């Protein structure tokens, strides 16, 4: 169920440089439990998409909470621990690379968000979600444009999702050290693309994602070193997901 007819809500009269509790406060004043939800990992070429849901006590203030992309890794780790210490409930939802390939990244993201909210130890009365496109679930929800920059609870969820996914990618780096997942976390950096060109996909790569400027070549289920170097694929091009 969407609040406001599913429209993406913004808060134009408040400071856009820092997350605030302007979205939560009217709901807290009504005695509501409010969950903030965000995801990490829509754009990478490998690994899962991870969503987090966080419920704070009413009128919580936690210094330093920002959009995860605006924080250093060490700062994210510190805030990750503080969020868990302060929150009433924190939950994670994951959709892995196979599910992403099977149903597409948008649907997989929505499933991860749904799992995160449904996994909370407390049932939220209202859910604040980053972005315009929100899951179709039975919780009352509001989509907040730029929510990871504007909304305190969503920004906190962005930190939890990012740290959780980064830790998962460090585990993947130990399993597949050739690809450098510990450095780029699966994103399409030049080094990552070069490793795909040389070695092909590993089991956690998203096979439906387009690697810009390159197509994997397969022949009778095998690739020669020349084919890997050529970086081409017979048949239809791999699709490039939209809206990442």
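Structure summary
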| item | result |
| --- | --- |
| Protection proxy ranking of 158-165, 174-181, 25-32 - average other beta-carbon atoms within 10 Å, highest first | 158-165, 174-181, 25-32 |
| Per-peptide average of other Cβ atoms within 10 Å, ordering 145-151, 203-209, 189-195 highest first | 145-151, 203-209, 189-195 |
| Full-extension gain in nm, residue 61 to residue 18, via 0.36 nm per residue minus C-alpha separation | 14.2 nm |
| Sequence ranges 66-73, 39-46, ranked by mean other-Cβ count within 10 angstrom, highest first | 39-46, 66-73 |
| Share antiparallel - DSSP beta bridges, region 6-153, percent rounded to 5 | 55 |
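Just so you know, all these numbers are worked out from the coordinates, no wet-lab data involved. Computed from a prediction, not measured in an experiment: that's the story for all the values here. Positions of Cβ are backbone-derived with ideal geometry, glycine not excepted, and every protein chain shown enters the neighbour counts.
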